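Following: one structure in structure tokens, then a few remarks.
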Amino acid sequence: MLLEILYRLPCCRRAVQFKSVSKRWLSVISNPYFIRRFMDRHRHYVCKFTHVFQNTIELNVNTYIRLVSYDHNDNPSFKFDPRIGLEFLDFLPVLSLHYPVCIQASFNDLLLVCTQVPKASFFEYYICNPFTKHWLKLPPIPTDGTRTRVMIGFLCDPCICDSDSDNDREQGCITNAHYRFMVVRILCPEENTTQFQTQLQVQIFSSETNEWRNSVVSSPRKLNLNPFMPIACYAGVIACNGMLHWVCVKDKEIKGFVVFDPFNDSEQCHYIHPPIDLSLRHYVSLGVFRRRLRIFQLIYAGSFSLWELEDYSNAGTWCMKQKVYFSNMDFGDFLQRAKNIHGLDYSDERTKMMLYRDMTFLAFHPNDGDSVFLHCGNSVQLCNLRTGVLKRVYYYSSPVRSKFQLVQPSWPTPVPPLPLNAPSISN
Amino acid sequence: MSSVKKVTLKSSDGEIFEVEETVAMESQTIKGLIEDDCADNAIPLPNVTGHILSLVIQYCKEHTSSSDSNSSKSNEKLKAWDTQFINVDLNVLFDLIMAANYLNVKGLLDLTCQTVADMIKEKTPEQIRAMFNIVNDFTPEEEEEVRRENAWAFEISLKNNNVVDTFEVEESMAKELQTIKNMIEDNYTDSVIPLHNVTSDILELVIEDCKKHVEAAESESEPSYSLASKLIDDPLKA
């Protein structure tokens with residue numbers, strides 16, 4: 001009966017505090033079955049989320065980050081300590097040692113952080129939940145002195161193992177208590193980074209084996225798998241549904257998308273077509289909204305478009321969700337302010353183009369399927385693609401080399417994942 | 001002319017209740033027995049006392065007639081009735097939960113459990129133990145370990161509105177400030193509390209002061225109210 005009462009609590013903080021009431025309460029609240037019921041009850045939870053901006057994409061002693069957290073009304077609040085720069089991660093023991101460090105990936109409320117003991121010949125990876133301050137360290141991976149560029153994929157795949165698992169699968173995974181994960185390091189080809197590559201060298205860590213493994217990935221269609229080429233590099237490697245996705249480029253055009261599913265096949269890639277109406281010569285951004293892969297394309301002084309992948313079969317079925325033309329957009333005071341700052345009259349089409357060139361995609365709003373966050377010069381704007389309204393969220397002028405969106409689910413993701421054979425709960 | 005079918009229910013203490021079959025079928029347990037043709041005589045319910053059973057029957061009556069197409073009960077009226085119905089002593093509430101679970105009356109289980117959840121959501125672990133007469137079976141070290149491992153849940157961030165300093169403080173200390181206590185108890189599910197009128201320096205002083213008060217209270221000595229804290233508390237109350 002205790003479980004029936006406790007999972008109806010409105011927020012996870014209280015429930016976790018109550019772990020200290022008695023041993024029985026601790027046992028109930030820590031049980032994965034409780035977490036599953038709690039998350040099911042809160043399935044319409046409006047997630048809090050945080051943007052993490054980092055000034056580097058590689059290991060650096062001078063890494064610093066800026067955090068912007070959003071409340072339920074999309075009002076931002078900042079957490080930024082210029083004295084240390086990574087104070088938000090200071091629960092990681094390695095940070096007090098001032099080694100070079102770099103956040104390399106994120107998934108929901110988890111971050112993947114890389115560090116290197118100076119003069120040592122290996123990298124160390126940490127998976128951490130910066131909200132609960134729990135972390136785990138992966139076994140070290142030897143560096144290869146020559147190659148420094150990598151693209152990182154961090155994959156989490158929730159496991160379901162309860163008796164009514166069929167029900168869960170229909171409704172979608174609703175618990176984060178058990179999951180397996182992989183860290184995939186895609187190594188930059190030694191030669192010219194813009195070269196056509198039909199094979200990739202990758203290093204994969206799997207939580208199931210608890211070790212790193214080298215693998216060579218190829219594609220039966222002899223596609224160009226190189227994610228370091230300009231258009232592909234811009235969009236990056238995106239984890240969605242336990243698979244990695246990146247742009248497949250050919251002759252400076254988007255040919256399609258590579259899908260790498262190492263949980264099922266760590267040596268072969270799949271392929272999906274681009275949407276029919278995608279402009280193949282313009283850059284795209286990839287992202288995830290509610291566990292679906294999305295493409296965002298900005299065509300300067302033209303339009304914003306948004307597609308969502310509905311189905312992986314038959315080389316992919318895309319659906320265009322939104323398209324809005326600049327001429328139909330309400331830029332609010334964006335143009336006026338730009339005019340004030342730069343002294344240019346942006347009602348002129350050519351100068352408008354210059355302004356749009358500064359716009360880059362930041363993230364899909366985790367709670368609103370119609371909205372995207374954009375970087376526009378000095379500010380971050382929230383653009384609703386359905387209404388065409390652009391709203392300034394805040395000013396931000398520090399250099400951003402990499403960015404992550406942390407989304408907090410209704411129950412914090414445990415690090416490490418809870419063991420599958422936890423004792424069953426007595427009611 | 002058809003008479004309404006009735007079933008007979010017998011509580012653990014021997015009380016007999018005659019209810020319409022449709023009302024009794026709100027209980028999935030009883031419904032199962034009726035459908036399996038085991039309900040010719042009185043259905044014994046050894047886990048439910050007469051008092052509780054009468055309450056359950058009241059609930060079922062109210063909720064059966066509402067699903068009737070002839071009934072004009074609106075959702076609001078039903079909710080109001082529920083609120084009044086559930087306004088009972090804590091022990092009765094627990095008995096109702098057990099009965100609703102045993103009899104498998106989903107709506108009643110939801111109502112009773114949610115009521116208890118709402119009662120405890122603002123309480124500290126200490127208050128919970130007092131309320132439910134739970135013995136703290138942790139050793140001090142064990143309890144400390146639980147709190148330490150889950151420190152994030154016990155802390156509140158006080159944030160200065162203009163600048164970006166945040167202070168992580170123990171919730172018990174933050175509650176020393178009446179304003180913050182009210183914000184916490186107003187079901188502030190965010191763990192970041194913005195304080196508009198206070199600069200970081202003052203906030204630091206106030207937190208230091210709160211710490212002293214909490215420590216003093218724990219050592220059961222008379223807390224001494226410093227003049228500074230009185231002055232500072234006032235703008236916060238504004």
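Bear in mind these aren't lab numbers, they're just calculated from the coordinates by the rules spelled out. Keep in mind it's a predicted model, so treat the numbers as computed, not measured. Using ideal geometry, Cβ is built from the backbone for each residue, glycine included, and neighbour counts are taken over all protein chains shown.
Please compare each pair in B:LYS10/B:LYS31; B:LYS10/B:LYS61; B:LYS61/B:LYS106; A:LYS222/A:LYS252; A:LYS321/A:LYS403 to a cut-off of 20 Å on the Cα-Cα distance and tell me which ones are over it. Present the calculation step by step, with values, prior to reporting the outcome.
Values: B:LYS10/B:LYS31 15 Å; B:LYS10/B:LYS61 17 Å; B:LYS61/B:LYS106 14 Å; A:LYS222/A:LYS252 17 Å; A:LYS321/A:LYS403 24 Å.
Going by Cα-Cα distance, A:LYS321/A:LYS403 fall outside the 20 Å limit.
Taking neighbour counts of Cβ atoms within 10 Å as a proxy for exposure, in what order, fewest first, do A:ARG221, A:ARG43 appear? Write down the numbers at each step before the final one.
On the way: A:ARG221 14, A:ARG43 10.
In order of increasing Cβ crowding within 10 Å: A:ARG43, A:ARG221.
For chain A, the longest stretch holding no GluC sites (Glu not before Pro) located in a DSSP loop with at most 14 other Cβ atoms within 10 Å is which?
Of all site-free stretches, the longest is A:268-427.
Please work out whether region B:4-128 counts as rounded, prolate or oblate from its C-alpha gyration tensor, where a ≥ b ≥ c are the square roots of the eigenvalues and a/c under 1.5 means rounded, while otherwise a/b larger than b/c means prolate and anything else oblate?
Details: a/c = 2.37, a/b = 1.40, b/c = 1.70.
Cα axes put region B:4-128 in the oblate bin.
Taking 2.2 N^0.38 Å as the expected size of a compact globular protein, what ratio does the Cα radius of gyration of region A:2-426 give against it, to two decimals?
Values: Rg = 22.2 Å, N = 425, 2.2 N^0.38 = 21.9 Å.
Working it through for region A:2-426, the quotient is 1.01.
Per-residue ellipticity at 222 nm for chain A, helices alone: DSSP H runs ≥ 4 residues times -39500 (n - 2.57), over residue total, nearest 500 deg cm²/dmol? Intermediate results must be reported in sequence, preceding the final value.
Working: 8 runs with 59 residues, N = 427.
It lands at -3500 deg cm²/dmol.
Calculate how large, on average over all directions, the projected area of the Cα convex hull of region A:18-131 is; give the answer in nm² to one decimal. Don't skip to the answer; put the middle values down first.
Working: hull surface 39.0 nm².
So the Cα hull casts an average projection of 9.8 nm².
What does the charge count near A:ASP333 come to, summing +1 for each Lys or Arg and -1 for each Asp or Glu among other residues with Cβ under 14 Å from its Cβ?
Taking every Cβ under 14 Å from that of A:ASP333, the sum is +3.
Looking only at A:SER305, A:SER206, A:SER77, which one moves most when chain A is put into a Gaussian network model with springs between Cα atoms under 10 Å?
A:SER77
If you project the alpha carbons of region B:99-148 onto the principal axes, what extent comes out on each, in Å, largest first?
Rounded to whole Å, the extents work out to 42, 22, 19 Å.
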